[in-house]
Amino acid sequence: IGEMAAGIAHEINNPLAVAIGYTKKLNKELTAIGVPDNPKIEQIEQNLRRIQNIVKSMRSLSRVSTPNERQQVSVSELTSQLSHLVSTKVAMVSADFTVTGEDFVMTINVTQILQVLCNLVFNSCDAVADATVRRIHVSFEKEGQEVSIVVQDTGSGIPNALREKILKPFFTTKEVGQGTGLGLS
C-alpha cells in the first residue's frame, strides 16, 4: 500500500502543481486588469489545496513525507477556516452548521486536523442529505491538557459493522470516484 500510495502521490503532484500555479496566475492577471476577486477562482484554489493535502496524506502512508508540522492555532481561527472550507457542501444539502466551545489555543498539525474535520463534516453532509432535520454540529472542549473535538449530525449513524473499519486506509462506503478512504486514516 505504501509503494502504491507513493506512486500515486508522485503522479498527481506534478499536474497538481501546474494547476495551482495557473490558478494563481489567472487570479493575478484578472486583478491586474481590474476584475475583482472571484469567489469561484478562490474555491478552485481551495479545492486544489485540498487535493494537495490528500496527496500529502498518501505520502505519509508511504513514509516519505516530512515529520508533522505542529503550530499553535486558536479554536476560533480553526473553526473559521473549517467553516469556509465546508460552506459550499453544507449549503448544497441545506444543513444547519454550528460550532461551539470556548476559544483556546492548541498546538496541532492544522492541515491534518482540518482535513479530518472537513471529511467528517462532508460525511455528515452526505448523512443528513435525505434527513428531515439537517443539522451538523462541531464542538471543542478542553479538560486539562486534553482536547476533544466532537462532530455530530442528525443522520442515521455509522452501522456497528463498519465502525472498526472507518479509520483504515482506503476504506470507504462511498461510490467509486466519490471517496478515497484516506480522509480519516
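The values are calculated or read from the model by the stated rules, or taken from the named source; none is laboratory data. Note that the coordinates shown come from a computational prediction; the quantities given were computed from them, not determined experimentally. With ideal geometry, Cβ positions are generated from the backbone for all residues, glycine too; neighbour counts draw on all protein chains shown. Just the protein is used for accessible areas: all its heavy atoms, side chains included, with ligands, DNA and RNA removed. Shrake-Rupley method; radii C 1.70, N 1.55, O 1.52, S 1.80 Å.
Matching residues to (1) surrounded by fewer than 12 Cβ atoms within 10 Å (Cβ to Cβ); (2) farther than 20 Å from Asn123 by Cβ; (3) at pLDDT 90 or above:
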residue: Leu16; (1), (2), (3): no, yes, no
residue: Glu45; (1), (2), (3): no, yes, no
residue: Ile51; (1), (2), (3): no, no, no
residue: Ser57; (1), (2), (3): no, no, no
residue: Gln72; (1), (2), (3): yes, yes, yes
residue: Gln81; (1), (2), (3): no, no, no
residue: Ala91; (1), (2), (3): yes, no, yes
residue: Asp96; (1), (2), (3): no, no, yes
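Results for (1) outside any strand (DSSP E or B); (2) surrounded by fewer than 13 Cβ atoms within 10 Å (Cβ to Cβ), shown as yes or no for each residue.
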residue: Thr100; (1), (2): no, yes
residue: Leu117; (1), (2): yes, no
residue: Cys125; (1), (2): yes, no
residue: Phe140; (1), (2): no, no
residue: Gly155; (1), (2): yes, no
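Do we have Ile166 as of a type in the set (A, V, I, L, M, F, W, C), open to solvent by less than 80 Å² (accessible area, probe 1.4 Å) and either modelled with pLDDT of 85 or more or in contact with a His (Cβ under 7 Å, 6 or more places away or on another chain) (or both) here?
Answer is no for this residue.
Yes or no, residue by residue, for (1) touching a helix residue (DSSP H, G or I) at 6+ places or on another chain (Cβ under 8 Å); (2) farther than 15 Å from Phe97 by Cβ; (3) aromatic (Phe, Trp, Tyr):
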position	(1), (2), (3)
Val116	no, yes, no
Asn123	no, no, no
Phe140	yes, no, yes
Glu143	no, yes, no
Asp153	yes, no, no
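Among the numbered criteria (1) open to solvent by 50 Å² or more (accessible area, probe 1.4 Å); (2) within 20 Å of Thr88 (Cβ to Cβ); (3) among the aliphatic types (A, V, I, L, M), which single criterion is violated by Ala161?
In the conditions (1) open to solvent by 50 Å² or more (accessible area, probe 1.4 Å); (2) within 20 Å of Thr88 (Cβ to Cβ); (3) among the aliphatic types (A, V, I, L, M), Ala161 misses (2) alone.
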